[in-house]
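Q: One structure follows; several queries about it will come next.
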Amino acid sequence: MKLDHRSGLERLSEAQHDQLSRFEWLLRTKGLPLGLVSQGDATRLWERHIVDSLRALSCLPKAPAKILDVGSGAGLPGIPVAIARGDCSIFLIEPRARRAAFLELVKEALALPNVYVENARAEDSVCRGNVAMARALADPARAWRLCHRLLLPSGWMVYFAGRSSTFTVGRYPGPGADEAGEGGPGWEICAPALFPSQGPVVKIFEAEPSVPID
């Protein structure tokens, strides 16, 4: 399958490609048996999870940053982002001990010094970052509530929307001010879908953000 240039793969070195391939192997040999990834995705881990995660790269600041993967699960999108952006510190926030243990295993197996694992709920996390990523976490309004408190000033959330999301027709889905913050958040699509199974990746921020961090 020919991959769209926007996937971010073309920017990576041979060593980074190798790390991504090793991560895919860990997902297949460790993640699948543990139930961290759906058995239905066994033959499409690269497309559905690795390449999909790399769409977040278009939504990140150019300068080194502290990035939180909220509800990291099997390390998606946090691990691929950590491999691609070695200049950034990536904090994987995961409440389930078994999944956090898998993340520690991946960190050690791939020798990722910029990855940190926090075994905690988002509501209890002590981490604060410039960007909080949310993939398969919750609907946009709830994800914003969970991530908003973890953001440093001028930070934003990177949200992986579903394929049927109304973001694609220019409308913020779900409740506004009551659910997403006073006045509702601002948002923009920063990475389109690459495959039919995907929705866009959306940058969500305070309605009137201060000076951008990059």
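The values are calculated or read from the model by the stated rules, or taken from the named source; none is laboratory data. All values derive from a computational prediction rather than experimental measurement. Positions of Cβ are backbone-derived with ideal geometry, glycine not excepted, and every protein chain shown enters the neighbour counts.
Q: Can you tell me which residue in region 195-212 is modelled with the highest pLDDT, limited to those that are part of a loop (DSSP other than H, G, I, E, B) and buried (at least 17 other Cβ atoms within 10 Å of the Cβ)?
A: The qualifying residue modelled with the highest pLDDT is P200.
Q: Going by the structure shown, is I83 of a type in the set (A, V, I, L, M, F, W, C) and within 11 Å of the chain's Cα centre (by Cα)? Walk me through it before giving the result.
A: Values: of a type in the set (A, V, I, L, M, F, W, C): yes; within 11 Å of the chain's Cα centre (by Cα): no.
No, not satisfied.
Q: Now for a different question. Filter region 37-73 down to the residues that are charged (D, E, K, R) and out of contact with any Pro (no Cβ under 7 Å at 6 or more places or on another chain), then identify the one that is surrounded by the fewest Cβ atoms within 10 Å (Cβ to Cβ).
A: The extreme case among them is K62.
Q: Right, next: Read through the list (1) crowded, with 22+ Cβ neighbours inside 10 Å; (2) more than 26 Å from W187 (Cβ to Cβ), then give the number of the only condition that V81 fails.
A: Just one mismatch for V81, condition (2).
Q: Let me ask something else. Among the residues of region 27-36, what is the count of those that are hydrophobic (A, V, I, L, M, F, W, C) and surrounded by 21 or more Cβ atoms within 10 Å (Cβ to Cβ)?
A: Going residue by residue through region 27-36, those that are hydrophobic (A, V, I, L, M, F, W, C) are 27, 32, 34, 36.
Cutting the leftovers down to surrounded by 21 or more Cβ atoms within 10 Å (Cβ to Cβ) gives us 27.
Number satisfying all stated conditions: 1.
Q: Six or more apart or on different chains, Cβ atoms under 9 Å: show the pairs whose first residue is in region 139-160 and among the polar types (S, T, N, Q) and whose second is part of a strand (DSSP E or B) and surrounded by fewer than 24 Cβ atoms within 10 Å (Cβ to Cβ).
A: That search, which allows pairs on different chains as well, returns S154/N130; S154/F205.
Q: Please enumerate the residues belonging to region 8-63 that are of a type in the set (A, V, I, L, M) and outside any helix (DSSP H, G or I).
A: Those that are of a type in the set (A, V, I, L, M) and outside any helix (DSSP H, G or I): L12, L32, L34, L36, V37, A42, L60, A63.
Q: Evaluate region 10-24: report whether one residue or more is closer than 26 Å to W156 by Cβ, surrounded by fewer than 17 Cβ atoms within 10 Å (Cβ to Cβ) and at pLDDT below 95.
A: Yes.
Q: Checking the conditions here, which among G174, G181, G162 is farther than 30 Å from D41 by Cα, at pLDDT below 95 and of a type outside the set (D, E, K, R)?
A: Values: G174 fails: farther than 30 Å from D41 by Cα; G162 fails: farther than 30 Å from D41 by Cα.
Sole residue among the options that is farther than 30 Å from D41 by Cα, at pLDDT below 95 and of a type outside the set (D, E, K, R): G181.
Q: Now a separate question. Restricting the search to region 101-148, which residues are hydrophobic (A, V, I, L, M, F, W, C), under 22 Å from R22 (Cα atoms) and not in a helix (DSSP H, G or I)?
A: Passing the criteria: L110, A111, L112, V115, V117.
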